Amino acid sequence: MKSNMLSTLTLGICCLTAGCAGHTPSSVYPLNGQMLGSPAAQVRTDSDILGTLVVINKNEIAAAQLARRQGQNARVKNYANFMIKEHSTNLRQTKRLSQKLDMMPELNGRVAMNLQQKGQQELQMLQGLSGKAFDSAYMAAMVNDHTEALSLISQLNNQTSNPMIKNQLKVTRAHVAEHLQRATVIQRESL
């Protein structure tokens, strides 16, 4: 019985080895020489996720600081103060998590770079406005930005297996959902 199992196991190993012989390095290592699902590829993905969270927070802080200076409506200014507080807290938490994981947030990843560019364009558009026009445009941007952020955070959550990053995404998503809800109410009731 033991020799029969050993023969079957040996035959299986030989078949597996022969089946792998046709794979080229490029088909096994499609990510710049990193095997799909490899620890190095996951670290890069996690670093990109952390970088994306950093950029989202920085964009919202910059827009809120502008709203605090240029806004006219008291509710819009209060919302801007709330955004500065909330996103500064989330930014600190994200950076603290990065340090704990000994992982630098990748700010030059595709998604982070696109978000940085979008944030700069949004700031330029808002800087040219004042008064009620500014308030309306800022709150419309907040509804749009937070709607997009919710979708993006869900996508990012599916790209990591790290439980600490998943938790940070969960916490961030809950806050972003609250921000969206508040922005929607202000936009509907005050502008």
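Things to note:
- Of all residues in the range 37-88 being more than 19 Å from LYS166 (Cβ to Cβ) and of a type in the set (Ser, Thr, Tyr), the one that is nearest to the chain's Cα centre (by Cα): SER88
- Within the range 50-69, the set of residues being in contact with a Gly (Cβ under 7 Å, 6 or more places away or on another chain) and without any contact (Cβ under 8 Å) to a residue 60 or more places away in the chain is empty.
- Qualifying residue in the range 130-141 (condition: within 14 Å of the chain's Cα centre (by Cα), within 19 Å of SER88 (Cα to Cα) and not polar (S, T, N, Q)): no
- Test: residue in the range 33-50 that is more than 30 Å from LYS170 (Cβ to Cβ) and modelled with pLDDT under 95: yes
- Residues in the range 138-169 that are assigned to a helix (DSSP H, G or I) and of a type in the set (Ser, Thr, Tyr): TYR138, THR147, SER151, SER154.
- Within the range 104-129, the set of residues being within 15 Å of the chain's Cα centre (by Cα), in a loop (DSSP other than H, G, I, E, B) and not polar (S, T, N, Q) comprises MET104, PRO105, GLU106, LEU107, GLY109.
The values are calculated or read from the model by the stated rules, or taken from the named source; none is laboratory data. Everything numeric in this text was worked out from a predicted model, so none of it was measured. Every residue, glycine among them, receives a Cβ derived from its backbone with ideal geometry; neighbour counts consider all protein chains shown.
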